[in-house]
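First the structure, in the form of structure tokens, and then the observations on it.
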Amino acid sequence: MFGLNPVFIPGPTNIPDRLRHAMNVQTIDHRAPDFVEVFTPVLRDLKKVFRTRDGQTFIFAASGTGGWEAAITNTLSPGDKVLIARYGMFSHRWIDMCQRHGLDVQVIECEWGAGAPADRFAEILAADKRREIRAVLVTHNETATGVLSDIAAVRKAMNGAGHPAMLFVDCVSSLASMDFRMDEWEVDIAISGSQKGFMLAAGAALLAVSPKAMAAMEEARAHRCYFDMREMAAANASGGFPYTPPLNLIFGLRESLDMLLEEGLDNVYARHRRLAEGVRRAVAAWGMELVAKSPDLYSDSVSAILVPEGFDSNALTDHAYEKYHVSFGIGLGEMAGKAFRIGHLGALTDVMVLSGLATAEMAMKDLSYPIELGSGVAAAQEYYRNTPATATAKAA
Ligand SMILES: *Cc1c(COP(=O)(O)O)cnc(C)c1O
């Protein structure tokens, strides 16, 4: 009605006023020195969020899906072997893209609700004596199931097998909301987007690329044109773009980076963990379960919640929107009808999360779910009331 209700979808996320204002800019000439002054520091500060020193950052006018395409087309050739596990809609779609680009994709099928199987990767990599696998692809946070995978464990499996494959990680729905460490985990390409943890509109694919992946571009033979990173890198070196940059998103990103770095990345992660834990307490109080199989897999940016037998999760999300004008995430792929999702990433406060939980309760009650009004809200209230707001506060 007033456009004041937050969204509880796991991206695009709510845009804070500070960022909406920052994106509201008059055209400037992107070939003028003023643009260089904004753009070059944005690329530099973006590295801090990826936690990389040696990696090179890239911004393409695209959504996260374009980032996947940039990663594979710049570094691989048709027929190259890649290893990837399927455990949700996003890993599924990345697999589909690899196949359409003519890669030889070895897929490990996993149950939806499981994470990346580091032990299976270890076996397959050890058995690959001819070192034909060129890259291992992992979706860090599977947004369809609310599952966070352990990238350090995947890296350990790769190093344990002594395998030289590159590691590409989709961190679209984890970067700037959950701990991500490009250099420490030796990630070769990390792919993200503007519309989730960065709290901006969609339209900028954000990538960080290791020196090893940059070197792989020299021999890669996949067709690439718009997403050619070598052309982008050459233009970026003098502060420019090979074509027209998405100016408003770059101005927005300047402000978003300031917000994230002012809060401190560890505080950003702690805030997400705390908000997520409140949601998880509410889900438990409703007597419902998450799609994620075990607590070590719980995502702090989105919770996928199984609805009781005999209920249709898509009817629930439709109803919440029609009656209360509040959006929750629908069940995607195998989860259609079985689970709904509460996105809790980006610009969110305790108060906003509580309003989402209260709305979910009303919608469930309307549809005769066996829950008690206020039960989940009360569980979250108790948790928020008694838990310090930031990592700094926790340490103090
Ligand atoms: C949102 C998302 C993407 C990218 O989707 P776009 O709609 O292309 O921005 C990719 N992977 C994951 C895990 C996501 O959550």
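The values are calculated or read from the model by the stated rules, or taken from the named source; none is laboratory data. Source: prediction; values computed, not measured. So basically every Cβ, Gly included, is an ideal-geometry build from the backbone, and we count neighbours across all protein chains shown. We work out accessible area using only protein heavy atoms, side chains counted, and drop any ligands, DNA or RNA first. Shrake-Rupley method; radii C 1.70, N 1.55, O 1.52, S 1.80 Å.
Among the residues making up segment 94-130, a single one is among the charged types (D, E, K, R), surrounded by 13 or more Cβ atoms within 10 Å (Cβ to Cβ) and in a loop (DSSP other than H, G, I, E, B): ASP128.
Starting from residues that are among the hydrophobic types (A, V, I, L, M, F, W, C) and buried (at least 23 other Cβ atoms within 10 Å of the Cβ), keep the ones in segment 191-204 and report whichever is nearest to the ligand (Cβ to nearest atom). So that I can check it myself, show each step before the final result.
Going through segment 191-204, the residues among the hydrophobic types (A, V, I, L, M, F, W, C) turn out to be 191, 198-202, 204.
Narrowing the set further to residues that are buried (at least 23 other Cβ atoms within 10 Å of the Cβ) leaves 191, 198-200, 204.
Values: ILE191: 8, PHE198: 11, MET199: 14, LEU200: 12, ALA204: 10 Å.
Ranking the qualifying residues of segment 191-204, first place goes to ILE191.
Assigned to a helix (DSSP H, G or I) and modelled with pLDDT of 95 or more: is that true of GLU372 in this structure? Considered against the rule, which asks whether it is assigned to a helix (DSSP H, G or I) and modelled with pLDDT of 95 or more, GLU372 comes out as no.
In the condition set (1) out of contact with any helix residue (DSSP H, G or I) (no Cβ under 7 Å at 6 or more places or on another chain); (2) open to solvent by less than 10 Å² (accessible area, probe 1.4 Å); (3) more than 16 Å from the ligand (Cβ to nearest atom); (4) not assigned by TED's automatic domain parsing to the domain that holds PHE90, HIS272 is compliant with all but (3). When you scan segment 79-109, how many residues do you find that are touching a Lys or Arg at 6+ places or on another chain (Cβ under 7 Å) and either away from the ligand (no atom under 15 Å from the Cβ) or not assigned by TED's automatic domain parsing to the domain that holds LEU207 (or both)? Residues flagged as touching a Lys or Arg at 6+ places or on another chain (Cβ under 7 Å) and either away from the ligand (no atom under 15 Å from the Cβ) or not assigned by TED's automatic domain parsing to the domain that holds LEU207 (or both) within segment 79-109 amount to 8.
Report the residue count in segment 139-166 for those that are surrounded by 21 or more Cβ atoms within 10 Å (Cβ to Cβ), within 16 Å of the ligand (Cβ to nearest atom) and in a loop (DSSP other than H, G, I, E, B). Count: 6. Candidates GLY278, GLY197, GLY239, GLY287: the one that is outside the structural domain of PHE35 (by TED's automatic domain parsing) and part of a loop (DSSP other than H, G, I, E, B) is GLY287. Between ASP170, ASP128, ASP188, ASP179, the distinction of being at pLDDT 95 or above, away from the ligand (no atom under 12 Å from the Cβ) and under 13 Å from the mean Cα position of the chain (by Cα) belongs to ASP179 only.
Out of ASN248, ASN236, which single residue is among the polar types (S, T, N, Q), touching a residue at least 12 places away in the same chain (Cβ under 8 Å) and under 18 Å from ALA208 (Cβ atoms)? Don't jump to the end; show me each part of the working.
Values: ASN248 fails: under 18 Å from ALA208 (Cβ atoms).
Exactly one residue qualifies, and that residue is ASN236.
Scanning segment 31-83 for residues that are more than 30 Å from ASN267 (Cβ to Cβ), buried (at least 18 other Cβ atoms within 10 Å of the Cβ) and charged (D, E, K, R) gives GLU69, ASP80.
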